[in-house]
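Visitor: Input: one structure, supplied below.
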Amino acid sequence: MLEIKNLHVKLEEEDKAILKGVNLTVEAGKVHAIMGPNGSGKSTLSYVLSGKDGYEVTDGSATLLGEDLLSMDPEQRAAAGLFLAFQYPVEIPGVGNMTFLRTAVNAQRKARGEEEMSSADFLKLVRQKAKELEIDADMLKRPVNTGFSGGEKKRNEILQMAMLEPKMCILDETDSGLDVDAMKLVAQGVNALRDAGRGFLVITHYQRLLNHIQPDVVHIMSEGRIIKTGGPELALEVEENGYADLKAEVA
Amino acid sequence: MALPQAKLDATEARISGLSRIPGGAWLDAAQGAALERVLAMGVPGRRDEYWRFTDPAALNAPEAPTAATMTVTDEAPIFDEIDRVKLVFVDGMFDAEASDDPRLAGVEIERLAEAGKTDIHWARDVYGMLEARGQSPVQRPFAALNTAFAQDGLLIRATGKAGRHVHLVYLHESESSDAILHHCIKVEEGAELTVLENGPGAARFNKVMEVEVANRATFNHIRAQGRDHERRAMTHIFARLGAESLFKSFTMTANGVLTRNEAVIEFTGDNASAHVAGAAMGDGDFHHDDTVFITHDAVNCESRQVYKKVLRNGATGVFQGKILVKAGAQKTDGYQMSQALLLDDDAQFLAKPELEIYADDVACSHGSTSGAIDEEALFYLRARGVPKAEATDMLTLSFLAEAIQEIGDETIRDEIHDRLEAWLARRRG
Ligand SMILES: Nc1ncnc2c1ncn2[C@@H]1O[C@H](COP(=O)(O)OP(=O)(O)OP(=O)(O)O)[C@@H](O)[C@H]1O
Ligand SMILES: [Mg+2]
């Protein structure tokens, strides 16, 4: 599904290398988790994959279902099936959440040569998905993320994911800022989307989320590299001992 | 003080071809007094402080610069779905054939040329009177010129709650038309009136609207200046607000090589409220100037200015806004905001926000900003699959939303929003 090979990334503005040879493959139907200390490059990886400006790829490649991600515009990546749930969802005052969702759904469909969703179908779907995530009608009417609480923003990201039905979902700290109940809702939302044709990359600091979203593979990222890969037990180890031992192992 | 010779010459040249509507005593006196004001002030020049950002040359020229007309076929006329009395002007002259029957419950509508012949008329206390009050402390020569030489106009008096909106449509059919139009509106105590306006008016359009809003009266104004790019427009609204009255005016401008909209508002009664707002967008040689002057001369009045402009490809936006709080105008609440979204490096926004306050118990704030599109928001939209051009338009509309939000009526608000959206979409192709 997602194949990242020897990815090197530096900041465009300064000579600062952030990713220093990331190798990672997420297969269809699998959930991979990435953990790692603050500043290790997890969000940068998600941004580079989704096409944010300001980063320069100096080496390596990233493909989605065999297609070269790095040469595409962000909107093309989205239409190709990539989705990033942002660590910090952006507030957009003046753009209604509903308008935004419908525009996004139909823009992707159009890019893929599919028919646009009718207003009626869209409304029905969005109401149903919103209900599952306990997002009320008022939140749908309000401007995108504007004035939303931290947890509401994260649930709104999952709603977008549910509506867009991407093939490859990257979740960047979607659990941070969530209360226990909201975490369960979000996990349910993710689990509902788990299927044989879809891959997940879940970035998190806490093992807790992984109790709800069982990962197949756990990676540890440190200083721009994946330094260890293992099963779900790796997350428990980090929870117990922190990153010091792991870092020492590689050093 | 005598005017410099050059200014005198320019003024003479400007008025030499103009003629006055023959009127009865009151109109004749108002025109005469206005002519004296014009001669004393002279037409504006680039050196005048008030015209630093907008070149008045095309407005001063003895003949109107030609402007191609535009036939719109890809959208229905604006406000068409609204239940209103439509009154049509073609190149600044009233066209009764094309207009609705002007009889309207709660409202009297007369043509200036006819009502002006009467000896006594309510408009005597409005026509040229609010304009004259608005000449100090800043001179507005084009408004005085308008009072002296207006060719047509309506006198509208609301005595109760108007049964329907009054809609003034200004068509532009001649490439060289030079229209001077003057309306007087009086909203009597407790009455309520909404005036809609749209259309380019003429190749060159000088329009004055004087609005007297009596105690506890409500006046609502929504105007759309759009699409006809080559026209030049100089408009003034002079409003005088009585106690507990409500005044609202919103202007949408899309295109236009030269537009200057002045709003001159005076609070004379306590506890009144005035909201003025504008959403403008243009490209290339678009030049758009909002000049606002609000005088608080009463207690506990609220004024609010919200102006937004979207500029690209060298387009210029101007905002000159002043809140003057006179001594004794305590508990004034004044808010002023002007913002420009610059979609490229060539566009420019020139702003001069001013506060002048002579009372001590007031709350006034103002802010003026210009900036580019929010890159974080743009990326967020693109990451959800919205193509860059479309995402930029969404953010552009969202930038304008705060101004559009100032329109109270939801139907009209939606229509203005949709027009602006369509304008952007057409541009995108
Ligand atoms: N645009 C930028 N300008 C400057 N520094 C940047 C930029 N983007 C990333 N960095 C730096 O790159 C490093 C990696 O940041 P990144 O946000 O990817 O870390 P992270 O692993 O997601 O951390 P956290 O767990 O705190 O979210 C940090 O040192 C960060 O300061
Ligand atoms: Mg991060």
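Visitor: Any chance you could count how many residues in the range A:164-194 are surrounded by fewer than 20 Cβ atoms within 10 Å (Cβ to Cβ), within 16 Å of ligand 1 (Cβ to nearest atom) and within 14 Å of the chain's Cα centre (by Cα)?
Guide: The total comes to 1.
Visitor: State all residues of the range A:194-232 that are within 16 Å of ligand 2 (Cβ to nearest atom), in a loop (DSSP other than H, G, I, E, B) and either among the polar types (S, T, N, Q) or within 15 Å of residue A:27 (Cβ to Cβ) (or both); if no residue qualifies, say none.
Guide: A:204
Visitor: Residue B:202 fails exactly one of the following numbered conditions: (1) in a strand (DSSP E or B); (2) closer than 28 Å to residue B:162 by Cβ. What is the number of that condition?
Guide: If we test residue B:202 against (1) in a strand (DSSP E or B); (2) closer than 28 Å to residue B:162 by Cβ, just (1) comes out false.
Visitor: Hey, another quick one. Restrict the check to the range B:183-193 and report whether at least one residue is acidic (Asp, Glu), part of a loop (DSSP other than H, G, I, E, B) and at pLDDT 95 or above.
Guide: Yes, the range B:183-193 contains a residue that is acidic (Asp, Glu), part of a loop (DSSP other than H, G, I, E, B) and at pLDDT 95 or above.
Visitor: Tally time: how many residues in the range B:157-181 are β-branched (Val, Ile, Thr) and in contact with a Pro (Cβ under 9 Å, 6 or more places away or on another chain)?
Guide: 2
Visitor: A follow-up question, please. Hey, does the range B:313-329 have a residue that's touching a residue at least 60 places away in the same chain (Cβ under 8 Å), touching a His at 6+ places or on another chain (Cβ under 9 Å), in a loop (DSSP other than H, G, I, E, B) and not acidic (Asp, Glu)?
Guide: Scanning the range B:313-329, I find at least one residue that is touching a residue at least 60 places away in the same chain (Cβ under 8 Å), touching a His at 6+ places or on another chain (Cβ under 9 Å), in a loop (DSSP other than H, G, I, E, B) and not acidic (Asp, Glu), so the answer is yes.
Visitor: Sticking with this one: What tally of residues in the range B:225-239 results from selecting those that are surrounded by 24 or more Cβ atoms within 10 Å (Cβ to Cβ) and either in contact (Cβ under 8 Å) with a residue 40 or more places away in the chain or within 17 Å of residue B:423 (Cβ to Cβ) (or both)?
Guide: Of the residues in that region, 8 qualify.
Visitor: Here's another thing I want to ask about it. Out of curiosity, is residue A:9 more than 18 Å from the chain's Cα centre (by Cα), within 16 Å of ligand 2 (Cβ to nearest atom) and outside any loop (DSSP other than H, G, I, E, B)?
Guide: Working: more than 18 Å from the chain's Cα centre (by Cα): yes; within 16 Å of ligand 2 (Cβ to nearest atom): yes; outside any loop (DSSP other than H, G, I, E, B): yes.
Here the answer is yes, as residue A:9 does meet what is asked.
Visitor: If you don't mind, there's one more thing I want to ask. Could you check how many residues of the range B:53-86 are crowded, with 20+ Cβ neighbours inside 10 Å, within 15 Å of residue B:202 (Cα to Cα) and touching a helix residue (DSSP H, G or I) at 6+ places or on another chain (Cβ under 7 Å)?
Guide: 1
Visitor: Restricted to the range B:393-429, and to residues that are closer than 17 Å to residue A:110 by Cβ and buried (at least 19 other Cβ atoms within 10 Å of the Cβ), which residue is farthest from the other protein chains (Cβ to nearest Cβ)?
Guide: Out of the qualifying residues, it is B:393.
Visitor: If you don't mind, another one. Just give me the residues in the range A:195-209 being within 16 Å of ligand 1 (Cβ to nearest atom) and crowded, with 18+ Cβ neighbours inside 10 Å, in sequence order.
Guide: Within the range A:195-209, A:201, A:202, A:203, A:204, A:207, A:209 meet the criteria.
Visitor: For the range A:20-139, please list each of the helices (runs of 4 or more DSSP H) lying entirely inside it that holds at least 3 residues being surrounded by fewer than 20 Cβ atoms within 10 Å (Cβ to Cβ) and within 10 Å of chain B (Cβ to nearest Cβ).
Guide: Answer list for the range A:20-139: A:97-111.
Visitor: When you check residue A:16 against the structure, is it away from chain B (no Cβ under 14 Å) and within 15 Å of ligand 1 (Cβ to nearest atom), yes or no?
Guide: yes
The values are calculated or read from the model by the stated rules, or taken from the named source; none is laboratory data. In this text, all values refer to a predicted model and were calculated from it rather than measured experimentally. Counting neighbours? That spans all protein chains shown, and the Cβs are built from the backbone with ideal geometry, glycine included.
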